[in-house]
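Data block below; observations after.
The values are calculated or read from the model by the stated rules, or taken from the named source; none is laboratory data. Quick caveat: nothing in here was measured; it's all calculated off a predicted structure. For neighbour counting, all protein chains shown are included, and Cβ atoms are generated from backbone atoms with ideal geometry for every residue, glycine included. Ligands, DNA and RNA are excluded from the accessible area calculation, which covers all protein heavy atoms including side chains. Shrake-Rupley method; radii C 1.70, N 1.55, O 1.52, S 1.80 Å.
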Amino acid sequence: MPRAVILTALPVEYLAVRTHLTEIREEMHPQGTIYERGKFIANGQEWEVGIAEVGAGNAGAAVEAERAIAYFKPDILFFVGIAGGIKDVAIGDVVAATEVYGYESGKVGEQFFTRPALGQSAYALVQRAKAEARNEEWLQRLFNSSTSQPRVFVAPIAAGEKVVASKESDVLNFIRGSYNDAIAVEMEGFGFLSAAFAYPNIKAIVIRGISDLIQDKNAADPIHGNEKERQERASHNVSAFAFEMLAKLKINGMDPQGKSRSVFRPKGWGMNPKRFSDKVEPTASVETTSKQFDIEEMISEIRSGDPLIAANAVQFLRDRPDLMPRILDFDTGISPVSMEAVRTLFRDYPEQSGELLLDRVNQAHTNWSLGVKAATCFDRVHEPYCVDELVRNLGPGIYRDIKQISIDALGRCGGIGWGLQLRKILDSPINQEEENDEFGWYVVNALARLFSRSTNELDISYASEHLLQELIQQSQSRKKYANYSSLTDILKDPCNAKHGDAFIGWLASEPSKIASTAAFLLGWHKVMRAVKPLIKRIENCLIVDLTESERSFIREASSALGRIGTSAALEYLLSTPESSIERYGLVFSMEEITDLSLFHEVVRELLTSEHHNRNHRYNRDHHFIFRAIGRRRDQESHPELLVALEGSEPVERGASALALARLKYPLNQNDLRRALDQSNSTVEGTLIRLAILTIDPSSYRDLEDQLRRDLSKDSYMYDEYITTDIIEVLVGTEEPDAVKLAEAWKPFYQGAKLV
């Protein structure tokens with residue numbers, strides 16, 4: 001049966017949730033958390049629901065949410081509780097959070113500079129909340145009567161560590177000024193959603209009942225009663241709405257009896273599992289509501305590269321740990337989608353999958369390809385079962401291939417503590433007979449993974465220091481195998497303010513390649529406070545004759561300024577000399593230029609600039625320019641698009657077609673379809689299909705099959721602007737299947753996980 005976990009902060013909230021469950025039994029987590037598990041039956045569907053009271057505060061909510069996820073492995077995750085109303089709401093109303101602002105994130109100097117932190121509820125749950133808010137069916141679940149009917153809002157809320165008890169408080173004034181669309185304030189939602197973000201296959205949402213309007217929390221109200229009564233009413237209202245949402249949700253992967261994967265692990269997979277080679281069945285099939293799925297077919301679907309197909313296969317295979325060797329050893333290539341599908345399956349059985357992965361790593365000297373695949377499957381859940389053996393693989397007498405892959409695996413599953421000792425282990429006297437510089441970039445990537453997923457200031461500071469030291473050491477090593485692209489791919493994952501501070505510190509590094517990497521990352525993450533340090537380093541470079549590495553840095557730094565796009569960044573880019581190197585960042589900043597005449601000037605300059613002459617397989621910069629023209633509906637620039645449409649460069653043809661479609665230029669769909677037939681790259685074909693969809697959204701059904709094939713084959717390699725176009729156009733069609741496809745691909749474009 002499908003599973004849900006509902007967390008609360010206070011006893012009054014917990015008791016209100018508990019009233020909706022039957023067959024309740026108590027369970028204890030190995031670390032001591034007390035849960036209750038019960039059943040909820042509605043609309044012919046039976047849910048298994050785990051509940052817990054986790055206390056107040058974002059930090060505690062994050063810890064307990066992650067613990068509950070690991071224990072219950074739910075499909076749905078709710079945080080249900082009370083909140084203070086800021087605006088528009090009344091006592092007893094319900095707020096389903098579209099997002100939760102962590103309002104205390106920022107930098108304190110002479111004044112407080114906010115650095116917005118955001119946790120988002122799952123799209124599907126927000127849509128369900130909106131649907132339920134439009135009708136009154138949920139009111140039938142209320143156990144208490146009231147003089148007024150509660151309303152439901154689907155809107156942002158704010159969360160911090162403070163109890164806000166006065167409408168005149170500085171905290172409330174700050175929230176109103178900096179997060180003025182938030183309509184309620186509470187203390188746990190941001191931490192809860194931050195923890196849920198690491199598990200994108202689980203849909204999560206925060207739902208709150210309004211128990212007070214900030215002022216006079218402890219005072220009695222002649223209409224709504226005292227504080228206790230208000231909290232009880234708000235808790236019952238929000239619980240009723242949450243369970244109405246749950247009653248309407250349908251989980252994919254049901255069998256004919258309406259049941260999904262079991263909540264319990266199969267027998268034989270406890271503390272002392274048999275080796276996987278003894279568990280594999282020679283033939284097997286799984287029955288679904290519509291057809292027989294052969295096991296081999298489902299394993300093939302895991303490797304399809306299509307997130308919708310892969311997610312569906314995951315649902316059918318995740319209760320088959322005996323199939324893990326066959327899934328891992330499948331002899332086709334692995335795309336990011338496929339890799340995340342395999343990780344999703346392996347996370348459910350960390351001890352058993354860890355054994356399998358270690359076995360493949362230890363055979364890397366005879367099967368390097370399989371060892372590499374195994375290393376990429378490691379996850380944080382494997383740390384208790386795998387780290388010790390992986391560290392032992394760093395010792396003397398171990399094959400170099402095994403040692404390299406073990407370093408990679410440690411970066412994916414190890415904790416920050418051992419990671420900071422990695423170079424010491426490799427450089428210990430007992431290892432001195434080996435040429436450890438051969439492992440340098442494996443160490444860099446492992447440290448980068450630890451740095452990327454560190455969350456607190458101390459860990460980030462230490463990890464940054466060790467990573468920077470390793471980068472400098474590798475840049476000075478004659479035996480280095482530098483792979484900065486792999487480093488930036490790792491560090492492109494979402495970062496917080498302290499990561500940004502570390503990247504700013506790297507700008508002072510030598511060689512310039514490290515500073516260039518930092519500049520790229522500052523631009524990618526749009527770190528606004530990096531504008532002045534970037535400009536300062538550019539100016540220092542311009543004082544002397546430019547070396548090639550300094551030219552490379554200026555190019556990357558100006559690109560970063562364009563991506564950041566603040567007024568100060570744009571002003572600098574527009575005021576620099578007429579050198580294509582210094583003006584390069586304008587390509588990335590075009591959508592930020594508000595002056596239309598200036599925009600036209602920049603378009604003409606960039607399209608005719610010597611820097612933008614074709615010297616690559618395709619001119620990516622022109623695509624950025626065409627995209628900006630199309631998105632701002634700039635009719636004056638359409639002649640440049642028509643020239644590109646008749647040109648010989650495939651990506652420019654596709655990008656210009658999409659831009660003209662956005663301008664509502666009278667393009668003939670038949671002409672576009674002929675161009676589609678003549679296209680000679682998947683990128684061009686994808687862009688032309690998006691142009692056709694922009695003109696005629698109803699054509700999605702006709703274009704869907706080939707579009708999905710092209711996305712599965714190449715989409716994860718597309719440029720960031722192309723992927724943004726894909727999402728924007730598909731969602732804009734309002735065709736449900738197109739929106740599903742966009743939502744399935746979005747996490748991979750953002751460096752996240754399989755939904």
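Data for the structure
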{"read-out": "Per residue solvent-accessible surface (Å²) - the stretch 521-600, probe of 1.4 Å", "value": "46"}
{"read-out": "Set of aspartates and glutamates with alpha-carbon distance to residue 664 below 19 Å, sequence-local pairs under 8 removed", "value": "591, 634, 636, 640, 646, 652, 696, 725, 728, 734"}
{"read-out": "Tensor-based shape of the stretch 623-755 (alpha-carbon gyration tensor, a/c under 1.5 rounded, otherwise prolate or oblate)", "value": "prolate"}
{"read-out": "Packing-based order for 359-366, 561-568, using average beta carbon neighbours within 10 Å, highest first", "value": "561-568, 359-366"}
{"read-out": "Separation between Cα centres of the stretch 680-755 and the stretch 31-75, rounded to whole Å", "value": "35"}
{"read-out": "Segments 535-548, 40-53 sorted - mean Cβ within 10 Å per residue, highest first", "value": "40-53, 535-548"}
{"read-out": "For peptides 593-602, 414-423, sequence by mean Cβ density within 10 Å, most packed first", "value": "414-423, 593-602"}
{"read-out": "Cross-link table 498/532; 87/746; 130/526; 73/492; 532/746; 73/373, entries beyond 22 Å C-alpha to C-alpha", "value": "87/746; 130/526; 73/492; 532/746; 73/373"}
{"read-out": "Candidate aspartates and glutamates for bridging to residue 250, where Cα separation is under 17 Å - those fewer than 8 sequence places away on the same chain excluded", "value": "46, 48, 75, 132, 737"}
{"read-out": "Cα gyration tensor, the stretch 338-447 - rounded (a/c under 1.5), prolate or oblate", "value": "prolate"}
{"read-out": "Proximal aspartates and glutamates relative to residue 228, as straight alpha-carbon distance under 19 Å, when same-chain residues fewer than 8 apart are discounted", "value": "13, 53, 93, 186, 212, 216"}
{"read-out": "Estimated FRET transfer efficiency when R0 is 30 angstrom, pair residue 173-residue 536 (beta carbons, to 0.05)", "value": "0.30"}
{"read-out": "Residue 398 accessible area, assembled protein chains, probe 1.4 Å, Å²", "value": "50"}
{"read-out": "Sites residue 485 and residue 198, calculated FRET efficiency, Cβ-Cβ separation with R0 25 Å, nearest 0.05", "value": "0.50"}
{"read-out": "Solvent-accessible surface (1.4 angstrom probe) belonging to residue 171, in square angstrom, nearest 10", "value": "40"}
{"read-out": "For the stretch 453-531: relative contact order, % (alpha-carbon pairs under 8 angstrom, 6 or more apart)", "value": "29"}
{"read-out": "Residues of the stretch 618-737: accessible area per residue with a 1.4 Å probe, Å²", "value": "43"}
